[in-house]
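J.: Starting off with a structure, shown below.
The values are calculated or read from the model by the stated rules, or taken from the named source; none is laboratory data. Note that the coordinates shown come from a computational prediction; the quantities given were computed from them, not determined experimentally. Reconstructed Cβ throughout: ideal geometry from the backbone, glycine too, with neighbour counts over all protein chains shown.
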Amino acid sequence: MIRTLVRTFALLLVLASSAAAQSARPALRASVTVDSDIVRIGDLIENAGPVANVPIFRAPDLGTTGAVSTERVIEAIEPHQLIDIDTRGLAEVVVTRASRAISPQEIYDRIAQALADRFHVADAHNLSLNFDLPLHTLQVEAGAAGELRVLALNYDARSSRFDATLDLPSSRVLQRQPIRLTGVAIETVDAVSVNRPIERGEVLQASDLTVLRRPKAQAGGLAEMAATVGMAARRQLRPGQPISIADLMKPTVVQRNDTVTLVYSAPGLTLTLRGQAQDAGALGDTISVINPQTKRVVQGTVSGPGRVTVANNTLHLVENAPEPALVSTPAAPQRQE
C-alpha cells in the first residue's frame, strides 16, 4: 500500500515537472504592441529567458502596424542560442507601435487660438485657417503627456499669412523634429444659406436654412435665420450661396384676379363685400380692387390672405346714386310803393 502511494506521488511529480517544462518552452506570439522604436526578442517570444531584452528589429512608425514572417523571426533569434521555439503554426507576427494621436482639429485649434491671443486677428472661433499642405493626424509617443503648444508663430496682417512651429515638450520625436505649418488665416462671419434649391416665390422655412462661415471681406448677407424664415425668394436660391436682403420679399398672399374680401372701415362701422384684385400683393402692400357691383376701383391694403382693407374717414354706402331733384321756391311778392 505504501509502495503504491509512493509510486503514484512520484508519477505526479514527473507529470508536473513535464507540464512545467512544457509551459516554460519559448513560444511565438501572434501579435504584439511595443512602446519603443525597437523590437526585442521578449516582445515576440514568450519565455525568452535571459535574451528577452535583446533588440532584433526596428519597430514600425508611431501609430502604425507591420508584420514580420515567422521565418525571419527564427533567423534573427538563432544567433542568441534560443532553441526549441514553439511557432504555434503562425506564418507571421503582427507588430504595432503604440502612440498618442493628435488630431488635425487639435492642431487647427491650437494655431487659431495662438493667432487670436498673440496677434488679435479675431476671436479663435471666427478664424478660418487654410493650410498650404493638408493637415494629418500627428503621432507621438504613447507616454508623451501634456498639451500641444505653438512654439513659434509669425503673422503678416497684409497678406494674412502665418507660419507656426508646434512642439510637445514630453515628446522626443517632436523635440528632434518640431512640426512647422504655414497657411492663411481669414476672419469669417456667419451667413445664412439654403440647404436645397429654392424656387422664386417659395416661402422659406427654418428646415430649408443653414448657417455658413464666410470671409468677413465678403460679408453683406444675412447672419440670422430669424430674419429669413417666413420670407419668400425673390429669385432662385442655391445651396452654398449667402442670402441677402435683396434676395427676399414678403410672400404674396393675394394674386392678380383673385376674388378677395373687401373690407370698408369707418368709425363705428365695418362693411364687407366681394371684390376682384387687380394686382398681386404681399401683406401690407397697397393694391387696386374692383367692386363688381359698382365697377368702381378702390385702393386698399392687403391685410391677410384674400383680404383687402379700405380705410376711409367717411363711408359712402350708396354709390352712383341719382342726383337729388331741384325744388323751385316762389319769389317773394314785391311790395308796391
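J.: If a residue has to be among the small types (G, A, S) and within 25 Å of the chain's Cα centre (by Cα) to count, how many in segment 234-259 make the cut?
T.: Residues flagged as among the small types (G, A, S) and within 25 Å of the chain's Cα centre (by Cα) within segment 234-259 amount to 2.
J.: I've got another one for you. Please find, among R158, R110, R118, the residue that is among the basic types (K, R), without any contact (Cβ under 8 Å) to a residue 40 or more places away in the chain and not in a loop (DSSP other than H, G, I, E, B).
T.: Just a single option satisfies the conditions, and that option is R118.
J.: Please list, ordered by first then second residue, the pairs with beta carbon atoms under 7 Å, 6 or more apart or interchain, first in segment 205-220 and outside any strand (DSSP E or B), second of a type in the set (A, V, I, L, M).
T.: As it stands, the answer is Q205/V229; A206/M225; A206/V229; D208/V194; D208/I198; K216/V189; A219/V189, since those pairs meet every condition given.
J.: Regarding L204, is this residue modelled with pLDDT of 95 or more and either in contact with a strand residue (DSSP E or B) (Cβ under 9 Å, 6 or more places away or on another chain) or closer than 30 Å to D37 by Cα (or both)?
T.: Taking the combined requirement at face value, the residue does not satisfy it.
J.: Residue under question is R196, and the condition is that it be more than 25 Å from the chain's Cα centre (by Cα), of a type in the set (D, E, K, R) and either surrounded by fewer than 16 Cβ atoms within 10 Å (Cβ to Cβ) or over 29 Å from H120 (Cα atoms) (or both); does it hold?
T.: In short, no.
J.: Return the residues of segment 202-250 that are under 14 Å from V189 (Cβ atoms) and aliphatic (A, V, I, L, M); say none if nothing qualifies.
T.: Scanning segment 202-250 gives V211, L212, A217, A219, L222, A223, I243.
J.: Condition (residue is of a type in the set (K, R), touching a residue at least 40 places away in the same chain (Cβ under 8 Å) and over 20 Å from Q113 (Cα atoms)) applied to segment 238-246: is it met by at least one residue?
T.: yes
J.: Next up: Any chance segment 125-146 includes a residue that's in a helix (DSSP H, G or I), in the same structural domain as V173 (by TED's automatic domain parsing), crowded, with 17+ Cβ neighbours inside 10 Å and under 43 Å from the mean Cα position of the chain (by Cα)?
T.: No, segment 125-146 contains no residue that is in a helix (DSSP H, G or I), in the same structural domain as V173 (by TED's automatic domain parsing), crowded, with 17+ Cβ neighbours inside 10 Å and under 43 Å from the mean Cα position of the chain (by Cα).
J.: If you don't mind, another one. Within segment 252-313, which strands (runs of 3 or more DSSP E) (wholly inside it) include 3 or more residues that are within 25 Å of A232 (Cα to Cα)?
T.: Output list reads 252-254, 259-266, 286-290, 297-304, 307-311.
J.: If you don't mind, another one. Is it true that some residue in segment 226-246 is farther than 25 Å from I287 by Cβ, at pLDDT 90 or above and not in a loop (DSSP other than H, G, I, E, B)?
T.: Yes, some residue in segment 226-246 is farther than 25 Å from I287 by Cβ, at pLDDT 90 or above and not in a loop (DSSP other than H, G, I, E, B).
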